[in-house]
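In what follows, a structure is listed as structure tokens, so that the remarks can point back to it.
The values are calculated or read from the model by the stated rules, or taken from the named source; none is laboratory data. Fair warning: this is a prediction, and the values are worked out from it, not measured in the lab. Cβ atoms come from the backbone with ideal geometry, glycine included; neighbour counts cover every protein chain shown.
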Amino acid sequence: MTRLSFYVVVQESKNSFKMENEVRLTVLVTGFGPFGSHKINASWEAVKQLPELFKTLGDSMKINLIVEEIPVAYKQVSFKVKELWEKYKPSIIMHVGVSRLATCLVIERQANNNGYIKSDIFNNCPEEEDIDSQILKTTCDVKKICEAVNRKSDEINCKASISDDAGRYLCEYIYYQSLSIGEPQVLFVHVPDLHIYPSSKTAQGILEILLFLSKTAIELK
């Protein structure tokens, strides 16, 4: 696993104490590791570029950005979501995953708690006996987020759409796990494979979504 932590508000590590005191928001973004035919996962390739992109924003938003690569495995997802939440107490959690069907950024509105019958990279599925079906929806304004990305589509060369079907695999599974926490803003975004959107283009689109979520969170403080 790889974790990159970047504080937007500071130029030098010696100021880390001051930086911690000035941070307004902690933002956690995850991408997935390799699985199946995705030997290089487009989601992580984009997510790991975010710290460098955030450097261009200066210190006005005072964001503590944490990015983490997550294995495509049910047990590990359940553990990591809880661990990351307890460790960082993020104001915003954004999960990113690749979809072979995506031709742009696809913002997911909801996640199911069952129906996960496709095996993970360790050939495991979650146990679902006697589990009542439940759907959790994000509290983020998905329509406005999509519109914000598409307004800048000519500039960032990236478009977005909305979906109510996150695929019943690890992408939807991690989304449900985070939504069940109930506290922070939580969002899941599917991204196209690398032959459709290069990672730099995807990263710009993800950045726009994060800026929208961050500004909204700051306004609510």
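General remarks:
- Within the range 176-204, residues that are touching a residue at least 60 places away in the same chain (Cβ under 8 Å) reach partners that are part of a loop (DSSP other than H, G, I, E, B) and of a type in the set (V, I, T) with beta carbons closer than 7 Å, at six or more positions or on different chains, in the pairs L179/T138; Q185/T139; V186/T138; L187/T138; P192/T103; L194/I40; I196/T103.
- Top-ranked residue of the range 28-64 - restricted to ones that are of a type in the set (A, V, I, L, M) and either assigned to a helix (DSSP H, G or I) or at pLDDT below 95 (or both), ranked as surrounded by the fewest Cβ atoms within 10 Å (Cβ to Cβ): L57
- Answer from S99, S133, S91, S78 - the residue that is in contact (Cβ under 8 Å) with a residue 24 or more places away in the chain, hydroxyl-bearing (S, T, Y) and more than 27 Å from I40 (Cβ to Cβ): S91
- Test result for E108, within 17 Å of I206 (Cα to Cα), modelled with pLDDT of 95 or more and surrounded by fewer than 22 Cβ atoms within 10 Å (Cβ to Cβ): no
- Residue count for the range 179-205, restricted to those that are under 23 Å from K82 (Cα atoms) and either in contact with a Phe, Trp or Tyr (Cβ under 6 Å, 6 or more places away or on another chain) or in a helix (DSSP H, G or I) (or both): 3.
- Single residue of the range 117-151 satisfying the filter (assigned to a loop (DSSP other than H, G, I, E, B), at pLDDT 95 or above and of a type outside the set (A, V, I, L, M, F, W, C)) that is nearest to the chain's Cα centre (by Cα): T138
- Filter result (under 19 Å from Y197 (Cα atoms), of a type in the set (D, E) and surrounded by 14 or more Cβ atoms within 10 Å (Cβ to Cβ)) within the range 148-180: none
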